Amino acid sequence: DKGSRDGISKGLPVVTSQKVLLGRIGEVYDNFSQVILITNKETSFEAEVFEKDIHGVAKGKGGLKLYLDFIPKDKEISQGDVVITTALGGVFPSNLLVGSIKEIKKSDVESFQTAEINPSFDIKSLDNLFIITSF
């Protein structure tokens, strides 16, 4: 229930109370705003595998699905590894929880590996959301 009258603008990050990244503000109206989920097909942002210094690009696939792309082939990632945001690209602040690695896909002919991410938010249990207005 926050909109332009509250100083909300397009592109601001939206998180849960546990600092789990949900998405960003899409359309803004007087008294409310639309949230574009990180799983939206139009969404991409810099992310990293926590405590492994492995960077990639998180991309939405639609249908509440998300994957990490452009992971160097020589880097070792594992199922269950935690994925967080980085400040690179300026889309989101760093160290917000994105999710965990669900499945890793390697190919002999591709230069990079990709991994499906299990997002850490539960769309059915969202109650209060927080909009980050400066970072």
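The values are calculated or read from the model by the stated rules, or taken from the named source; none is laboratory data. Source: prediction; values computed, not measured. Quick reminder, even Gly has a Cβ in these numbers, built from the backbone with ideal geometry, and neighbours come from all protein chains shown. To get the accessible areas, we keep the full protein, side chains included, count just its heavy atoms, and leave off ligands, DNA and RNA. Shrake-Rupley method; radii C 1.70, N 1.55, O 1.52, S 1.80 Å.
In region 97-123, the residues that are outside any strand (DSSP E or B) form Cβ pairs under 7 Å with partners that are among the aliphatic types (A, V, I, L, M), at six or more places apart or across chains, as follows: 120/20; 120/97; 120/98; 121/20; 121/22; 123/64. The residues on offer are 135, 130, and the sole one that is among the hydrophobic types (A, V, I, L, M, F, W, C), exposed (fewer than 15 other Cβ atoms within 10 Å of the Cβ) and outside any loop (DSSP other than H, G, I, E, B) is 130. Residue 45 fulfils the conditions (1) of a type in the set (Phe, Trp, Tyr); (2) open to solvent by 20 Å² or more (accessible area, probe 1.4 Å); (3) within 13 Å of the chain's Cα centre (by Cα) except for a single criterion, (2). Just one residue in the set 74, 53, 30 is under 30 Å from residue 6 (Cα atoms), acidic (Asp, Glu), surrounded by fewer than 15 Cβ atoms within 10 Å (Cβ to Cβ) and more than 11 Å from the chain's Cα centre (by Cα); that residue is 30. Filtering region 7-27 to residues that are open to solvent by 50 Å² or more (accessible area, probe 1.4 Å) and either without any contact (Cβ under 8 Å) to a residue 12 or more places away in the chain or under 18 Å from residue 89 (Cα atoms) (or both) leaves 10, 24.
Before we move on, is residue 104 in contact with an Asp or Glu (Cβ under 9 Å, 6 or more places away or on another chain), closer than 19 Å to residue 50 by Cα and open to solvent by 50 Å² or more (accessible area, probe 1.4 Å)? So that I can check it myself, show each step before the final result.
Numbers: in contact with an Asp or Glu (Cβ under 9 Å, 6 or more places away or on another chain): yes; closer than 19 Å to residue 50 by Cα: yes; open to solvent by 50 Å² or more (accessible area, probe 1.4 Å): yes.
Spelling it out, residue 104 is indeed in contact with an Asp or Glu (Cβ under 9 Å, 6 or more places away or on another chain), closer than 19 Å to residue 50 by Cα and open to solvent by 50 Å² or more (accessible area, probe 1.4 Å).
All of (1) without any contact (Cβ under 8 Å) to a residue 40 or more places away in the chain; (2) part of a strand (DSSP E or B); (3) open to solvent by 60 Å² or more (accessible area, probe 1.4 Å) hold for residue 84 with one exception: (3). For region 60-71, a residue qualifies if it is within 17 Å of residue 118 (Cβ to Cβ) and either aromatic (Phe, Trp, Tyr) or open to solvent by 50 Å² or more (accessible area, probe 1.4 Å) (or both), and the qualifying residues are 61, 63, 64, 65, 67.
For residue 94, the criteria (1) open to solvent by 50 Å² or more (accessible area, probe 1.4 Å); (2) touching a Ser or Thr at 6+ places or on another chain (Cβ under 8 Å); (3) outside any loop (DSSP other than H, G, I, E, B); (4) under 11 Å from residue 47 (Cβ atoms) hold in every case but one, which is (3).
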